[in-house]
Amino acid sequence: MEISALSTGLPQELKQGSMKKPLVTGIKKTQVERVYLTKDGFKGDGVGDKKNHGGLDRAVCFYPQEHYPQWEKELHRPLPNAAFGENLTVTNMLEEKVYIGNVYKIGEAVIQITQGRIPCSTIDNYTQADTLLKRTIETGFTGYLARVLEEGYISSTSSIKLLEEHAQRKSVLACNHVYFANEDWLAMEEIASIEPLAADWKRRLAKRIDRLKQQR
């Protein structure tokens with residue numbers, strides 16, 4: 001497990017291509033060499049839409065480097081750095097191998113995986129693509145989010161060490177497939193039972209479970 005890029009960026013106005021009006025977003029990020037990670041996220045980093053992004057359960061965003069060649073092949077062009085707004089572009093940490101609740105030490109900091117990232121249209125707007133959002137949902141290659149258990153400095157060359165593998169062994173990819181299919185309430189209940197799962201996912205799943213049970 002390695003860091004391919006460490007990136008931060010504060011919210012700014014984005015106006016790309018066919019966008020009807022500018023959007024204030026923190027998706028555009030610049031590579032940095034070393035930065036301090038707090039419980040609220042990296043210093044010098046932020047989100048524009050605080051309702052759907054950021055917060056203690058979503059303080060750090062990861063995206064696997066391995067997906068970039070696939071997306072660039074489909075789009076027939078290169079993507080910008082941290083195209084998905086991730087802070088950490090990583091290798092050997094695919095969604096299928098990272099479990100909700102896993103705890104990792106990265107540099108001086110310790111983080112815990114809380115949920116798969118729920119992609120939004122900002123990804124398409126930023127990359128000037130009309131398929132990337134759809135494809136990330138179809139594949140489950142969304143990246144994932146984490147809370148900060150211990151603050152500290154992280155550098156672009158910091159090591160990544162798995163400290164604790166969560167006992168339920170529910171991968172981000174498996175949870176994504178259940179979440180986006182929105183059909184299997186028993187599978188949703190199993191995911192919702194994972195104690196470290198982000199509160200927002202627990203809330204969303206609880207609503208869906210209730211609705212599906214009422215439809216039976």
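Work out, step by step, the length gained on full extension between Arg216 and Arg34: first 0.36 nm times the residue separation, then minus their alpha carbon distance; give nm to one decimal.
Details: separation 182, 0.36 × 182 = 65.52 nm, distance 5.26 nm.
That works out to 60.3 nm of additional length.
Amide H contacts under 5 Å for Gln128: none, restricted to partners 5 or more places along the chain or on a different chain, H placed in the peptide plane at 1.01 Å from N.
The separation of region 61-111 from region 182-205, counted between C-alpha centres, amounts to 23 Å.
For region 1-139, the fraction of 1.4 Å probe accessible surface lying on carbon and sulfur atoms is 49 percent.
The slack in the chain from Asn81 to Glu151, taken as 0.36 nm per residue of separation less the alpha-carbon distance, amounts to 22.7 nm.
Trp185 sits with roughly 50 Å² accessible to a 1.4 Å probe, with DNA, RNA and ligands left out of the calculation.
A 1.4 Å probe run over the protein chains yields, for the chain, 49 Å² of accessible area per residue, whole-number rounding.
Starting from 0.36 nm per residue, how many nanometres of slack lie between Ser121 and Glu189 once their C-alpha separation is accounted for? Mind dumping the intermediate values first?
Numbers: separation 68, 0.36 × 68 = 24.48 nm, distance 2.79 nm.
Working it through step by step, the gained length comes to 21.7 nm.
Residues whose amide H lies under 5 Å from that of Glu2, counting only those 5 or more places away or on a different chain, are Thr91; hydrogens are built 1.01 Å from N in the peptide plane.
The values are calculated or read from the model by the stated rules, or taken from the named source; none is laboratory data. Only a predicted model underlies this, so the values are computations on that prediction, with no experimental measurement involved. For the accessible areas, the whole protein counts, side chains as well, though only heavy atoms, and no ligand, DNA or RNA atoms are used. Shrake-Rupley method; radii C 1.70, N 1.55, O 1.52, S 1.80 Å.
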